[in-house]
Amino acid sequence: MQLTDFDYELPEELIAQAPASRRDGSRLMCLDRSAMTVESRQFVDILDYFRAGDVLVVNDTQVIPARLLGHKLTGGKVEIFLVRRVVDNHDSEEWLCLTKSSKTLRPGTVVSFNADFSAEILEEAEAPYRRVRFDCSGDFMEQVEAIGHLPLPPYIKRADSREDHARYQTVFAREKGAVAAPTAGLHFTTEILQQLRAFGVIIVNLTLHVGLGTFLPVRVDDIKQHKMHAELYSVPIETADSVNLARQEGRRVFALGTTSARALETAATADGLLASGCGDSEIFIYPGYQFKIVDALITNFHLPKSTLLMLVSAFAGRDFILSAYQQAVEEKFRFFSYGDCMLIV
């Protein structure tokens, strides 16, 4: 398949620049794969599509304010973007980072954020990353939370705000480490989760720390040549047990977001069971892939030519997805991270 097979026209005004006034106030487009039907609803109607005994798997990763703004000792401004921790102990905190400055940051360059927090460029890593060591008094993550900026996606054309620090996190975010939100989860409120549990839906968690790869464009025409960036994931034993029992009993497994879907399919065994444990997810899902765990998918509307659009096309069929996207454009759904929601059953 070619990259152009996953392109579509999107008016810029449909790219959501801010969240809906209410967390659960978005619209919902529901796709039924067997009936090949599309319904336009409100997100709060999602309860109608669950059955007692369904398992909903959520990604409890928490977005960190990964954009750190500082300056060199000579005064030049520097931005350091945390991507992935490589060393974490009492003596050292080292990360792979992206950096931005007017001049090249050479190894040994020191960047100061405040009197108690600084960084040193250690070395060039695999392009475009640098390895950076941080020095701070007190807890590293507390310093990051105090001075960092949320890394809003590049298609949101504004600076992060106080509102984003609440709304660009899911209500079930627990494990710090993502540099982008698992955006399908942004629609869920504690009340809706409580209603699902009361109805008999089993809600379990896993962790996949969303990395920068979610924003990086596919740069090859033949999509099979694309290589995914690794993202850390963890599947608790309790989650694996719940999912495996549901599969054995013929109950459905809903993945909340493409990140949950990727973690589930990464941890799937050859016989269609879910293995607990942790590791790197590098799975690239595109049409032709046979899903082993996921029976239903809750997601947002994704960028043209993106790996996320390829994943949902693998799940529901490329033509069906692109037709639904065209309908969403015509009905003026809101797209991307702060946009509206799609359910595929």
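Tabulated values for the structure
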| quantity | calculated |
| --- | --- |
| Positions within the stretch 111-162 being touching a residue at least 24 places away in the same chain (Cβ under 8 Å) and of a type in the set (S, T, N, Q), in sequence order | Ser112, Asn114, Ser118, Gln143 |
| Residues of the stretch 178-200 classified as out of contact with any Gly (no Cβ under 8 Å at 6 or more places or on another chain) and more than 23 Å from Tyr155 (Cβ to Cβ), total | 11 |
| Residues (in contact with a helix residue (DSSP H, G or I) (Cβ under 8 Å, 6 or more places away or on another chain), assigned to a helix (DSSP H, G or I) and of a type in the set (S, T, N, Q)) located in the stretch 197-237 | Thr214 |
| Hits in the stretch 31-51 - residues which are among the aromatic types (Phe, Trp, Tyr) and more than 23 Å from Pro19 (Cα to Cα) | Tyr49, Phe50 |
| Those residues of the stretch 273-320 which are in contact (Cβ under 8 Å) with a residue 40 or more places away in the chain and among the β-branched types (Val, Ile, Thr), in sequence order | Ile283, Ile293, Val294, Ile298, Thr299, Thr307, Val312 |
| Within the stretch 198-233, tally of residues that are surrounded by fewer than 20 Cβ atoms within 10 Å (Cβ to Cβ), of a type outside the set (A, V, I, L, M) and over 23 Å from Pro287 (Cα atoms) | 2 |
| Residue list for the stretch 175-193, filter: farther than 20 Å from Trp95 by Cβ, within 14 Å of the chain's Cα centre (by Cα) and either small (Gly, Ala, Ser) or surrounded by fewer than 21 Cβ atoms within 10 Å (Cβ to Cβ) (or both) | Ala184, Gly185 |
| Of residues in the stretch 122-168 being in a helix (DSSP H, G or I) and closer than 19 Å to Leu186 by Cα, the one modelled with the lowest pLDDT | Arg162 |
| Qualifying positions in the stretch 321-338 - farther than 23 Å from Ser34 by Cβ and of a type in the set (A, V, I, L, M) | Val329 |
| Counted residues, the stretch 196-235 - those being among the acidic types (Asp, Glu) and within 18 Å of Thr4 (Cα to Cα) | 2 |
| The stretch 305-320, residues that are polar (S, T, N, Q) and closer than 21 Å to Asp32 by Cβ | Ser313 |
| Sole residue being more than 20 Å from the chain's Cα centre (by Cα) and closer than 21 Å to Met141 by Cβ, chosen from Arg252, Arg197, Arg162 | Arg162 |
| When residues of the stretch 70-85 are limited to those that are without any contact (Cβ under 8 Å) to a residue 40 or more places away in the chain and of a type in the set (Gly, Ala, Ser), the one nearest to Val210 (Cα to Cα) | Gly76 |
| Failed condition for Met1, given (1) crowded, with 20+ Cβ neighbours inside 10 Å; (2) modelled with pLDDT under 95; (3) farther than 30 Å from Ser101 by Cβ | (1) |
| Matching strands (runs of 3 or more DSSP E) fully within the stretch 33-95 where at least 3 residues are surrounded by 21 or more Cβ atoms within 10 Å (Cβ to Cβ) and assigned by TED's automatic domain parsing to the domain that holds Pro107 | 77-88 |
| Candidate set: the stretch 117-134, residues that are acidic (Asp, Glu) and surrounded by fewer than 15 Cβ atoms within 10 Å (Cβ to Cβ); chosen: the one nearest to His229 (Cα to Cα) | Glu126 |
| Qualifying residue in the stretch 107-121 (condition: in contact with a strand residue (DSSP E or B) (Cβ under 6 Å, 6 or more places away or on another chain), assigned to a strand (DSSP E or B) and within 30 Å of Leu343 (Cβ to Cβ)) | no |
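The values are calculated or read from the model by the stated rules, or taken from the named source; none is laboratory data. Not measured: the values here are computed from a predicted model. Every residue, glycine as well, gets a Cβ built from its backbone with ideal geometry; the counts of neighbours run over all protein chains shown.
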